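Colleague: Pasting a structure below so you can have a look.
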Amino acid sequence: MAKMMTGYDAVAEAVKACDPDVIPAYPITPQTDIVERISEMVADGELTSEYVRVDSEFNAASTALGASAAGARTFTATCSQGLKLMSEPLFSASGMRLPLVLAIANRSLSAPLSIWGDHTDTFAERDGGMIQFYAEDVQEAMDNIAMAYRVAEDEEISLPALSCLDGFILTHVQEKVEPFSRKEIREFLPERSPVHTLDPSDPKTMGAYARPEHWTETRYEVHQAQLKAKDKIAEAVEEFANIFDREYGLGYNGLLETYRAEDADVLLVALGSVCGTMKYIVDEYRQRGEKIGIVRPRVYRPFPTEELCEVLEDAEAIAVVEKDISLGYQGGLAIDIKSALYSNGSRIPILNFIVGLAGRDVKKDNIKNIVEQTKELRGKLPEDIEFGKEERWEPLRTELLEDDKK
Amino acid sequence: MKTKETKENKIPDNYMKQIRIHGRGGQGSVTMASMMAEAGFESGNYAQGFPSFGVERLGAPIEAFVRFDDKEITDRSQVYSPDYVIVQDSTLIELVDVAKGLSEDGMIIINSSKDAKEIDIDTEAKVLTVDATDIARRHLGRPIMNTALSGAFAKATGLIEKESMAKVIRNTFGGDVGEKNVKAMEEAYRVVE
């Protein structure tokens, strides 16, 4: 039955339903409420998981890795600097082919110190072999936990998965959610059945030393598992829709969702909660007969190349709007989308807008500015955009910049 | 199915109501937003409650937001053009532009023992005062005025049913404390025109 829940409550409920064996936890804002809520569940006997209070995020991820190696279902949550500390064991977990599920309450990275949200933390983990889901609302943040377990623990995949939700914007909002129970999720999410586990009666080594003649092949296999995960995600969203009556991008293998995109001249591409605000602006333009739409990748790794090419190919201009910047080049999502489209023969001009860093509110006026700037590129070619002018900051307070003060 | 169809049909029709709550850290602005959102949901609407995300230090000015609509609310930006403003602590009026962006057709509800005419505030919107602190002191023995203020809001705006507010208050606090808070809410509901 639907009820009002915060994002952190909904994620904790999802974890409870998925019933992990081991939950190592270390607090960090704005994730803390998730593991705090879970600790209450354990203390109240609602959840029988081993709840391990560790001394750092490095230890949290390492404990999850060790437990996963022993065959356990694990959960932990973090963000920002905490994810940096987890980075080393997480890269190991993918190489060791160990499934772990993490909730990430996306938050900026220091410096300057900020507790507010953007996607810098998870984008910095892009190359680590972790599957990355991004939720638009609280319901999806909850549902993605179950999907992350199912895909990560699939024996053909066996990789860590990050289930990302925008820090504060989604963790601390209260809205309508249809929670699922342990009984209901059982049909969708089977017990974990690991192929290889650490077992004293059958000793083996995991994650050992590999010489150059072997290492490349382990990396190749992680890459193949990532690509294979696309099919598994497609199966998972389909079965999820059958059981729970909620769909996530069924027409695009569960990898992306669209909003009024089918006949759009101008498409906005973005991850996560900002797409919700964009819908109001798209509706305003549509009322005036202007064909604007939204494409929202739900999964960033594996990258939905084919699906993006299919949905974007008829647009006249594209804005990639993201809460991340690969310093010294452009936003990570824009780089990937250009690579996907332009290597498939597309000639659509693409602008890259950097927004919402460290919790700067993305206002409707910002989105209107983005649409207006992108509209001007209709009928033009990628090379019509001057080098160094593809990426724009919306907004940039130039009065705060060093040059301006002089 | 998670009705993608209704999302497609969403057209701005000015139904959505936006509320901004001004309080000080420790006064329970976030709890109030949360209870109001829940009561709005209980009253049959879609609702969204969220804090202005920050480091909430005791006594510092803070804000929290609520939205109500007849359809799913996906707006993730903060509230800049509220239909209603609630001020938990009238000393904030000198420090913060509490009426900023407030709709001319809207209303500002201030917790104060003064008459609305005595409040110096730059707005075309209706100004309503209620002595929620006094009501809270009498019912709870403590100056925690959120439940009384929510009763004033329910009456003045009609956006929340009194019964829904009472149900949420009982669920939130439980037992004797819950009942006392319901009484405070109901008194404010009665005294507000």
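Colleague: Strictly over 18 Å apart at the Cα level, which of B:Lys114/B:Lys180; A:Lys338/A:Lys364; A:Lys364/B:Lys17; B:Lys17/B:Lys155 would you flag in this model?
Modeller: B:Lys114/B:Lys180; A:Lys338/A:Lys364
Colleague: With θ taken as phi - 60° and the coefficients 6.51, -1.76 and 1.60, list the Karplus ³J(HN,Hα) couplings across the stretch A:113-129 in order, rounded to whole Hz; mark glycine and proline as x.
Modeller: After applying 6.51 cos²θ - 1.76 cosθ + 1.60, I find 4, 8, 8, 8, x, 6, 9, 4, 5, 7, 5, 5, 9, 3, 8, x, x Hz.
Colleague: Right, something else. Can you work out the FRET efficiency for the pair A:Ser339 and B:Lys71, with r the C-beta to C-beta distance and R0 = 35 Å, to the nearest 0.05?
Modeller: The calculated FRET efficiency here is 0.40.
Colleague: Using only the alpha-carbon atoms, how far is helix A:80-95 inclined from the longest principal axis of chain A? Give it as 0 to 90 degrees, nearest 10.
Modeller: On a 0 to 90 degree scale, this one is about 60.
Colleague: Follow-up question, since we're still on this one. Using a Cα-Cα cut-off of under 12 Å, which aspartates and glutamates could be cross-linked to A:Lys3, ignoring same-chain neighbours fewer than 8 residues away?
Modeller: A:Glu175, A:Glu178, B:Glu38, B:Glu42
Colleague: Something else about it: In the stretch A:201-236, which trypsin sites (Lys or Arg not before Pro) fall in coil by DSSP and have 11 or fewer other Cβ atoms within 10 Å?
Modeller: Taking the stretch A:201-236 and a limit of 11 other Cβ atoms within 10 Å, the loop trypsin sites (Lys or Arg not before Pro) found are A:Lys204.
Colleague: Which of the chymotrypsin sites (Phe, Trp or Tyr not before Pro) found in the stretch B:51-93 are in a DSSP loop and have at most 14 neighbouring Cβ atoms, other than their own, within 10 Å?
Modeller: Here the sparse-neighbourhood loop sites are B:Tyr80.
Colleague: Let me ask something else about it. What order do you get for A:Glu247, A:Glu290, A:Glu136 when you list them from fewest to most C-beta neighbours inside 10 Å?
Modeller: Listed from fewest to most nearby Cβ atoms, that is A:Glu290, A:Glu247, A:Glu136.
Colleague: Need the C-alpha centroid separation for the stretch B:173-193 versus the stretch A:22-86, integer Å.
Modeller: 40 Å
Colleague: In degrees, nearest 10, range 0 to 90: what is the angle between the Cα axis of helix A:364-375 and the longest Cα principal axis of chain A?
Modeller: The answer is roughly 60 degrees.
Colleague: Dipole magnitude of the protein assembly as shown about its Cα centre, charges +1 at Lys/Arg Cβ and -1 at Asp/Glu Cβ only, in debye to the nearest 20?
Modeller: About 860 debye.
Colleague: Quote the relative contact order of chain B in percent (integer), defining contacts as alpha-carbon pairs under 8 Å separated by 6+ residues.
Modeller: 19 percent
Colleague: Taking +1 at the Cβ of each Lys and Arg and -1 at the Cβ of each Asp and Glu, which of A:Ala124, A:Ile233, A:Ala148 sits farthest along the dipole of chain A towards its positive end, judged by Cα position relative to the Cα centre?
Modeller: Farthest towards the positive pole: A:Ala124.
Colleague: What are the residues whose amide H is under 5 Å from the amide H of B:Ile110, where those residues sit 5 or more places off or on another chain and H is modelled from the backbone?
Modeller: The answer is B:Val87, B:Leu128, B:Thr129, B:Val130.
Colleague: Continuing with the same structure: Taking a 31 Å limit on the Cα-Cα distance, which of the listed pairs A:Lys291/A:Lys389; A:Lys183/A:Lys204; A:Lys380/B:Lys71; A:Lys323/B:Lys126; A:Lys230/A:Lys380 fall beyond it?
Modeller: Violating the 31 Å Cα-Cα cut-off are A:Lys183/A:Lys204; A:Lys380/B:Lys71; A:Lys323/B:Lys126; A:Lys230/A:Lys380.
Colleague: Separate question: Given a Förster distance of 60 Å, report the FRET efficiency between B:Glu193 and A:Ser181 from their Cβ-Cβ distance, rounded to the nearest 0.05.
Modeller: 0.85
Colleague: About the Cα centre, and with charges only on the beta carbon of Lys, Arg (+1) and Asp, Glu (-1), how big is the dipole of the stretch B:124-193? Nearest 20 debye, please.
Modeller: Here the stretch B:124-193 has a charge dipole of around 160 debye.
Colleague: Can you give the % of DSSP beta bridges in chain A that are antiparallel, to the nearest 5?
Modeller: 20 percent
Colleague: Just want the ordering: A:His196, B:His22, A:His223, A:His172, from fewest to most Cβ atoms lying within 10 Å of their own Cβ.
Modeller: A:His223, A:His196, A:His172, B:His22
Colleague: Going through the stretch A:311-372, which chymotrypsin sites (Phe, Trp or Tyr not before Pro) have at most 15 other Cβ atoms within 10 Å and a DSSP loop state?
Modeller: Listed in order of number, the matching sites are A:Tyr329.
Colleague: Once a ≥ b ≥ c are taken as the square roots of the eigenvalues of the Cα gyration tensor of the protein assembly as shown, is the result rounded (a/c under 1.5), prolate (a/b larger than b/c) or oblate (a/b not larger than b/c)?
Modeller: Taking the square roots of the gyration eigenvalues as a ≥ b ≥ c, the protein assembly as shown is oblate.
Colleague: Hey, if you put +1 on the Cβ of every Lys and Arg and -1 on every Asp and Glu Cβ in the protein assembly as shown, which of A:Met278, A:Val22, A:Leu333 ends up farthest toward the positive end of that dipole?
Modeller: A:Val22
Colleague: Put +1 on the Cβ of each Lys and Arg and -1 on the Cβ of each Asp and Glu in the protein assembly as shown; which of A:Tyr342, A:Leu113, A:Leu100 then has its Cα farthest toward the positive end of the dipole?
Modeller: So the residue we want is A:Leu113.
Colleague: Which of the peptides B:181-192, A:158-169 is most tightly packed, and how do the rest follow, going by the mean number of other Cβ atoms within 10 Å of each residue?
Modeller: Put in order of decreasing packing, that is A:158-169, B:181-192.
Colleague: Still on this structure: For a quick check: sort A:Arg53, A:Arg97 by the number of other beta carbons within 10 angstrom, fewest at the front.
Modeller: A:Arg53, A:Arg97
Colleague: Suppose a student asked you for the relative contact order of the stretch A:3-244, using Cα pairs under 8 Å spaced at least 6 residues apart; what percent would you report?
Modeller: RCO, the stretch A:3-244: 24 percent.
Colleague: Using only alpha carbon pairs under 8 Å that are at least six residues apart, calculate the relative contact order of the stretch A:214-289 and give it in whole percent.
Modeller: 18 percent
Colleague: Once both axes come from the Cα atoms, what is the angle between helix A:57-69 and the longest principal axis of chain A, in degrees from 0 to 90, rounded to 10?
Modeller: Tilt of helix A:57-69: around 60 degrees.
Laboratory data are not the source of any read-out in this text; all were calculated from the coordinates shown. Remember, predicted model here, so these are calculated numbers, not experimental data. Note: ideal-geometry Cβ built from the backbone for every residue, glycine included; neighbour counts use all protein chains shown.
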